[in-house]
Amino acid sequence: MIVKTSEEIELLRLSGDLVSRTLAEVGKHVRPGVSTWDLDSIAETFIRDNHGIPGFKGYAGYPATLCTSVNDQVVHGIPSKEVILKEGDVVSVDCGAILNGFNGDSAYTFCVGEVAPEVKQLLETTRLSLFKGIEKATSAFRMGDIGYAIQSFCEQHGYSVVREMVGHGIGKRLHERPEVPNYGHRGAGCRLKENLTICIEPMINLGKRDIYQERDGWTICTRDHQPSAHFELTVAIGKHQADLLSTFDYIEGKK
Ligand code: MF3
Ligand code: CO
C-alpha cells in the first residue's frame, strides 16, 4: 500500500474533477427513452474533449467508457443500444478517466423520472452511507471502521451490503491496494495512512445481498432481482478529515 505525494494528489484531484464533471454531463441526459449507449457516447466525448482518456475502456477487456447498471443490476452493466431507460428506473453510472497518467473513478445512481419512494430511500441511504464511510477516512481509523460505518448504517435501514465487490486504492492504476470493503468490524483491518488515496463505493441492495454475474461476463445482478444502488467517491486519507478528490456537487447543482 503506497501513499501519494502532494503532487500526485493534486493530479488525482484533476482526474477526480473530470469524472465528476462527466457524471454531471451524463446526468443531464438521463431521462426516459435514452439508451445507456447514448450515455456512454456522451461520457466518452466529454472526457476526450477535456483531454482525458476513458479509464475503463480496455481495462481487463471492458468494452465501454461507463458502467451503466439498471435496477437489479448492481455494477458493471455494459452500455447498450438495446437498454433504453424508462420512467421509474434507477441507473448507476460508474465513470473512469485518465488525465496526466492518473485515474479518476466515481459513480452515482440516478433516477429516471419519478421513482418509487422505497427505491428513492435506498438511493438516499446508500449515498449517505458513503459519507458515513468518508467520515472514518482519516489516519485515526482503520479500514474496518470505514466498512463498519457503511454496513451498520445500511443494515439499520433494512438493506443489505454486497460483499463480493469492494472499493480500492487508486493512482496510476485504477485498482491499487488496499481493498476497501463496505462491511467490517470497528478497529479491524489495516491502519489508514495519511495521503493514501482510495475509492469508497458502497453497493447496497433493497433485498438480499446475494448476487450473480450475467453471461456477458461483466454485469452483476441481485439474485432476488430487487433494486440495488451504488455511489462512489475518491478520497485521500487526511489527518483530521478526508480530502475529497471527486464530488457530487456538479451533479447536485452545488458547483
Ligand atoms: N468503479 C468500478 C471499479 O472500481 C469500475 C471498474 S469497471 C472496469 O471496479 F471495467 F473497469 F473494470
Ligand atoms: Co471503483
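A few points about this structure:
- Single condition A64 does not satisfy, out of (1) buried (at least 20 other Cβ atoms within 10 Å of the Cβ); (2) in contact with a Leu (Cβ under 9 Å, 6 or more places away or on another chain): (2)
- When I146 is tested against the conditions (1) within 16 Å of ligand 1 (Cβ to nearest atom); (2) over 13 Å from the mean Cα position of the chain (by Cα); (3) in a loop (DSSP other than H, G, I, E, B), the lone failure is (3).
- Selection status of E44, more than 16 Å from ligand 2 (Cβ to nearest atom) and closer than 20 Å to L174 by Cα: yes
Residue-wise test of (1) in contact with a Pro (Cβ under 9 Å, 6 or more places away or on another chain); (2) without any contact (Cβ under 8 Å) to a residue 24 or more places away in the chain.
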| position | (1), (2) |
| --- | --- |
| T5 | no, no |
| E44 | yes, yes |
| Y59 | no, no |
| I78 | yes, no |
| L85 | yes, no |
| C95 | yes, no |
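- For the range 144-169, taking the residues that are away from ligand 2 (no atom under 16 Å from the Cβ) and among the small types (G, A, S), the one that is surrounded by the fewest Cβ atoms within 10 Å (Cβ to Cβ) is identified as G158.
- Residue within the range 223-233 that is hydrophobic (A, V, I, L, M, F, W, C), surrounded by fewer than 21 Cβ atoms within 10 Å (Cβ to Cβ) and more than 16 Å from S69 (Cβ to Cβ) present: no
- Here I198 passes the criteria (1) surrounded by fewer than 20 Cβ atoms within 10 Å (Cβ to Cβ); (2) touching a strand residue (DSSP E or B) at 6+ places or on another chain (Cβ under 6 Å) except the one numbered (1).
- Residue match in the range 175-194 (condition: within 20 Å of L18 (Cα to Cα), in a loop (DSSP other than H, G, I, E, B), free of Cβ contacts under 8 Å to residues at least 60 places away in the same chain and of a type outside the set (G, A, S)): yes
- Answer from T36, T22, T45 - the residue that is surrounded by fewer than 20 Cβ atoms within 10 Å (Cβ to Cβ) and hydroxyl-bearing (S, T, Y): T45
- Checked against (1) within 16 Å of ligand 2 (Cβ to nearest atom); (2) more than 28 Å from R223 (Cα to Cα), A140 meets all criteria but (1).
- The residues in the range 225-255 that are in a loop (DSSP other than H, G, I, E, B) and in contact (Cβ under 8 Å) with a residue 24 or more places away in the chain can be counted, and the count is 16.
- Filtered by the rule that a residue be of a type in the set (S, T, N, Q), more than 17 Å from the chain's Cα centre (by Cα) and crowded, with 16+ Cβ neighbours inside 10 Å, the range 122-143 gives a lone residue, T138.
- Checked against (1) of a type in the set (G, A, S); (2) more than 11 Å from ligand 2 (Cβ to nearest atom); (3) crowded, with 20+ Cβ neighbours inside 10 Å, G187 passes all but condition (3).
Where a number appears in this text, it was derived from the coordinates with a stated rule and is not lab data. Worth saying up front: this structure is predicted, and the values here are computed from it rather than measured. Positions of Cβ are generated from backbone atoms using ideal geometry, with glycine treated the same way; all protein chains shown enter the neighbour counts.
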